[in-house]
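The values are calculated or read from the model by the stated rules, or taken from the named source; none is laboratory data. Computed from a predicted model, the values in this text were never measured in an experiment. Please note: Cβ atoms are built from the backbone with ideal geometry, for glycine as well, and neighbour counts cover all protein chains shown.
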Amino acid sequence: MSSIFDFSLKSLRARLRALSKFRKVVGDESGDALIELALVVSLLFSPLLFGTVEMAQIIFDSIEVSNAARAGASWAMTNSTSSSLTAGLTAAAQAEASDFGTNLNVVPNVYWACSTALAGTQYSTLSGATAACTGTSNHPLELIQVSTSTTVTMPIKCPGLPASITLTSSSVTETE
């Protein structure tokens, strides 16, 4: 009489072979490292990607604000006798930074300085500069400083980082 617990040696070997094949398939760890790597990289790569995109946007906007200051100063240099100097250089600067439009703040400052000390004292009138700039090689120069600024809202909200950044630039040029 045979029961369900009676196995022949032949059937036992067959079952062990099948179990061994099953263990090889289920217990195979050759792809586990790749799956773990994919999970870790996806968790680390996303913040790095977003941070890179955000920094690139800030750098681009900073360059645009700087170029706007230069464009305003350049316009003022060639049109210094214009009665609408402030309006003209503001329009030139805002046209250069068209992404910001009227959100770009443009502040012109016309002043005089001595040719031997450009970074020195700034005079608000030509007569004040002429009186201070003495000597044969020292004469007053009319300079225009254009300062630009704008506030940029970050595209990605990250805890611990500011929601917006104020970008500023300045350019100084001599009038003709």
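Here is a yes/no grid of residues against (1) hydrophobic (A, V, I, L, M, F, W, C); (2) free of Cβ contacts under 8 Å to residues at least 40 places away in the same chain:
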| site | (1), (2) |
| --- | --- |
| L49 | yes, yes |
| E54 | no, no |
| A95 | yes, yes |
| D99 | no, yes |
| N103 | no, no |
| V106 | yes, no |
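Taking the condition surrounded by fewer than 16 Cβ atoms within 10 Å (Cβ to Cβ), of a type outside the set (D, E, K, R) and touching a Gly at 6+ places or on another chain (Cβ under 8 Å), does T116 pass? For T116, the condition - surrounded by fewer than 16 Cβ atoms within 10 Å (Cβ to Cβ), of a type outside the set (D, E, K, R) and touching a Gly at 6+ places or on another chain (Cβ under 8 Å) - is met. Scanning the stretch 41-59 for residues that are surrounded by 12 or more Cβ atoms within 10 Å (Cβ to Cβ) and of a type in the set (F, W, Y) gives a single hit, F50. If you take the residues of the stretch 120-176 that are more than 30 Å from E64 (Cβ to Cβ) and buried (at least 16 other Cβ atoms within 10 Å of the Cβ), which of them is nearest to the chain's Cα centre (by Cα)? Among those residues, the one meeting the criterion is Y123.
Of the residues making up the stretch 78-111, those that are modelled with pLDDT under 85, farther than 22 Å from V152 by Cβ and not β-branched (V, I, T) are N79, S80, S82, S83, S84, L85. M77 meets all of the listed conditions (1) outside any helix (DSSP H, G or I); (2) surrounded by 15 or more Cβ atoms within 10 Å (Cβ to Cβ) but one, namely (1).
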